[in-house]
Amino acid sequence: MTLIQCGAVLFDMDGVLVDSTPAVARVWTRWALKHGLVPDEVVRRGHGRPSLATIIELLPDGDHDAENQEVERMEIEDVADVIALPGALQLLQSIPTQRWAIVTSATRRLATVRLRAAGLPVSEYLVTSDDVHRGKPFPDPYLKGAEILGVAPADCVVAEDAASGVRSGKAAGSRVLGLLTTSTRAEILDAGADWIADDLSALSLQPRFQNSGLAFLLHEKK
């Protein structure tokens with residue numbers, strides 16, 4: 001076990017708090033087939049990034065805003081099997097609300113819909129693709145997350161499942177817990193994760209170790 005002490009935790013949403021993998025795959029597969037693209041490649045490229053960035057990359061001559069709105073509409077409508085990942089609800093309920101934020105590549109509307117579908121709290125500290133000009137893997141999203149909590153990025157721990165998100169957290173100057181919910185161990189380690197775990201059930205708040213911040217015990221994946 002590893003003791004992790006920090007001032008705040010910045011959680012990615014999809015693949016960390018919420019299992020939306022089947023819905024994401026369905027939506028991007030439909031979009032890929034519509035445009036004559038390879039679905040598996042589109043799903044892979046889109047993982048952990050803002051939808052607009054993926055659309056611009058794969059459809060450079062398209063109407064990007066219109067395509068992005070269509071993808072968002074399909075994602076908002078497809079939440080029937082969106083659920084909370086193991087440990088997510090228990091961990092969020094254990095941390096003081098001013099000590100954690102959600103930092104996601106989804107839009108604010110989509111993030112709110114998915115969190116509610118999964119039965120998770122919608123944090124008042126929520127950073128979405130609507131709030132930053134540059135999404136993951138740039139540091140901007142996690143810098144914004146630290147800023148709205150009033151905590152230095154270096155005193156934040158980021159929880160991520162995608163290589164692009166790990167790189168974003170590291171570029172922001174934070175330590176990163178990489179989860180093996182959607183990516184391989186090699187992908188997460190290559191991106192620079194400081195610790196590896198299966199999911200958030202490996203992390204538990206430990207009040208007896210706390211001073212002015214947070215302390216967690218992590219059952220790290222070896």
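The values are calculated or read from the model by the stated rules, or taken from the named source; none is laboratory data. The structure displayed is predicted, hence computed values, not measured ones. Don't worry about glycine lacking a Cβ; one is built from the backbone with ideal geometry, like all the others, and counts go over all protein chains shown. Side chains included, ligands, DNA and RNA excluded: accessible areas come from the protein's heavy atoms. Shrake-Rupley method; radii C 1.70, N 1.55, O 1.52, S 1.80 Å.
Points to keep in mind about this one:
- Whether the range 119-181 is rounded, prolate or oblate, judged on the alpha carbon gyration tensor where a/c under 1.5 counts as rounded: rounded
- Placing a label point 7 Å from the Cα of E57 along the Cα-to-Cβ direction, the residues of the range 187-203 whose backbone N falls under 18 Å of that point are 187-192.
- Shown are R116, R99, whose ranking by accessible area with a 1.4 Å probe and every protein chain present, most to least, is R116, R99.
- Pairs of Lys residues in the chain are counted when their Cα atoms are under 30 angstrom apart and they lie 8 or more places apart or on different chains; the count is 9.
- Considering only alpha-carbon pairs that sit under 8 angstrom and 6 or more positions apart, the relative contact order computed for the range 9-137 is 33 percent.
- Contact order normalised by residue count of the chain, Cα under 8 Å, 6+ apart, percent: 27
- Amide hydrogen proximity for V176: with H placed 1.01 Å from N in the peptide plane, the residues at 5 or more positions away or on another chain lying under 5 Å are V158, D194, W195.
- Computed accessible area, F216, all protein chains, 1.4 angstrom probe, square angstrom: 0
- Computed helical MRE - 222 nm, the chain, DSSP H runs ≥ 4 contributing -39500 (n - 2.57), nearest 500: -11500 deg cm²/dmol
- Cα long-axis angle, helix 64-77 against the chain (0 to 90 degrees, to the nearest 10): 60
- Around A159: net Lys/Arg minus Asp/Glu count, Cβ-Cβ under 10 Å: -4
- Annotation: R30 carries an accessible surface of approximately 130 Å², with a 1.4 Å probe and no ligand, DNA or RNA atoms counted.
- Apportionment of accessible area to carbon and sulfur, the chain, percent (1.4 Å): 51
- Candidate values (i) 31, 21, 16; (ii) 29, 17, 17; (iii) 42, 29, 18, label of the one derived for semi-axes √(5λ) of the Cα gyration tensor in Å: (ii)
- Counting DSSP beta bridges with both ends in the chain, the antiparallel % (nearest 5): 35
- Alpha-carbon centroids, the range 17-50 and the range 160-206: separation in whole Å: 21
- Taken along the Cα-to-beta-carbon direction at a fixed 7 Å, the label points for I148 and H64 span 2.3 nm.
- Distance from the range 111-154 to the range 57-85 (C-alpha centre basis), Å: 18
- Probing with 1.4 Å while keeping every protein chain in the model, the per residue accessible area of the chain equals 45 Å².
- Within-14-Å neighbourhood charge of S123 [Cβ basis; K, R +1; D, E -1]: +2
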